[in-house]
Amino acid sequence: MNALTVKFPLAALVLFLTTSFAAAQEKAQLPPGLQFYKGREIAQTMSYHGARWLTRDRREREERCSLMWVNLGVKPGMTVCDMGCGNGFHSLQLAKMVGPKGKVLAVDIQPQMLKLLNERAKEAKVTNVKPILGTLADPKLPKGEVDMILCVDVYHEFSHPEHMLNAMRDSLSPEGRVVLVEYRLEDPEVPIKLLHKMSKKQILKELPPNGLKLVHQFDRLPWQHMMFFGRDQDFVPDASGASGSE
Ligand SMILES: C[S@@+](CC[C@H](N)C(=O)[O-])C[C@H]1O[C@@H](n2cnc3c(N)ncnc32)[C@H](O)[C@@H]1O
């Protein structure tokens, strides 16, 4: 055995221990997650094992995603975020819409989802999507720079809704918008599990108290609410930070 064969596994072991330590430290610092928020039961995270459902052929027919995209108000050159991007169904479309001078920050908490997104972006030769591995409480977005944060079918999964809302609000540019797209709980015809649907009433119970003001709604999607929120300029954040109130 020469010095190199001894050194290499040693270096690999040191790298493994350092990254595992960093991940464990981050987990330990995470505040406890909620099971309920303002009377709503929080849904489980959708696993990457089900990612194929996100790119199913019938999705356009069921959800009219193209109608949603043209009503977002995305312009070339914008910085937009696809929050809870999954395998990048919306990220790749947003990348086309913002063009080469814009960028898409694609955030997810499952590295496996980001891997699938990377593969799809590579195949589509898309280069303006930046994958970001967030945590349950921190999407790791830059402050004050994001023109639009698109949240499709993800908000109801946030185990740390107040932390996520605070972080998203802080990342918005002055005219930036958070766009919430959630399956309509009010409509029994929408064939989605109850915990994965939200009513407008509940959405308005949760976002405005966290400094996000409803500025616009688009009500013509077949299955989903589409609600636009901007920063509430009069909002004074609680000095103690996110309360974690249930
Ligand atoms: C139902 S999938 C929707 C994916 C995508 N938005 C779409 O419509 O195709 C929800 C995704 O949100 C992610 N997610 C859940 N909580 C999150 C959080 N706190 N921050 C970022 N992503 C999150 C999950 O890992 C999952 O990939």
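No lab work stands behind these numbers, since they all come straight from the coordinates. All figures in this text were calculated on a predicted structure; none of them were measured in a lab. As a convention, Cβ positions derive from the backbone with ideal geometry for all residues, glycine included, and neighbour counts pool all protein chains shown.
Just rank MET227, MET83, MET46, fewest to most, by other beta-carbon atoms within 10 angstrom.
Taking fewest neighbouring Cβ atoms as first place, the list is MET46, MET227, MET83.
Can you work out the Karplus-derived ³J(HN,Hα) for every residue in the stretch 35-49? Use 6.51 cos²θ - 1.76 cosθ + 1.60 with θ = phi - 60°, whole Hz, and x for glycine or proline.
3J(HN,Hα) across the stretch 35-49, in whole Hz: 9, 10, 9, 6, x, 9, 7, 7, 7, 6, 5, 6, 6, 4, 4.
Would you kindly compute the Cα radius of gyration of the stretch 32-106 and its largest Cα-Cα separation (Dmax), both in Å?
Rg, Dmax (Cα atoms, Å): 15.1, 43.
Most exposed first by the Cβ proxy, i.e. fewest other Cβ within 10 Å, how do TRP223, TRP53, TRP69 rank?
Fewest-to-most Cβ neighbours within 10 Å comes out as TRP53, TRP69, TRP223.
In terms of Cα to Cα distance under 14 Å, which aspartates and glutamates are near enough to LYS115, apart from those fewer than 8 places away along the same chain?
Filter leaves GLU123.
Take every DSSP beta bridge with both residues inside the stretch 63-231 and express the antiparallel ones as a percent of the total, to the nearest 5.
Roughly 35 percent of the DSSP beta bridges within the stretch 63-231 come out antiparallel.
My understanding is that a pair violates if its Cα-Cα distance is over 25 Å; which of LYS143/LYS201; LYS143/LYS193; LYS38/LYS193; LYS38/LYS200 do that in this structure?
Result: LYS143/LYS201; LYS143/LYS193 exceed 25 Å.
Using just the C-alpha positions of the stretch 132-189 as equal point scatterers, what log10 of I(q)/I(0) does the Debye formula give at each q in 0.12, 0.21, 0.26 1/Å?
Log-scaled intensity ratios, in q order: -0.31, -0.81, -1.12.
How big is the shadow of the Cα convex hull of the chain, averaged over all directions, in nm²?
Computed as one quarter of the Cα hull surface, the answer is 16.0 nm².
Would you give the gap between the C-alpha center of the stretch 32-84 and the C-alpha center of the stretch 108-182, rounded to a whole Å?
About 10 Å separates the Cα centre of the stretch 32-84 from the one of the stretch 108-182.
Considering the convex hull of the alpha carbon atoms of the stretch 70-207, report its projected area averaged over all viewing directions, in nm², one decimal.
Convex hull of Cα atoms, orientation-averaged projection: 8.4 nm².
Hey, can you grab everything whose amide H is under 5 Å from the amide H of CYS81? Only 5+ residues off in sequence or another chain; H modelled, so Pro and N-termini drop out.
So CYS81 has HN proximity to LEU105, MET148, ILE149, LEU150.
For the residues MET164, MET68, what sequence is obtained by ranking on other C-beta atoms within 10 Å, fewest first?
Ranking MET164, MET68 by Cβ neighbours within 10 Å, fewest first, gives MET68, MET164.
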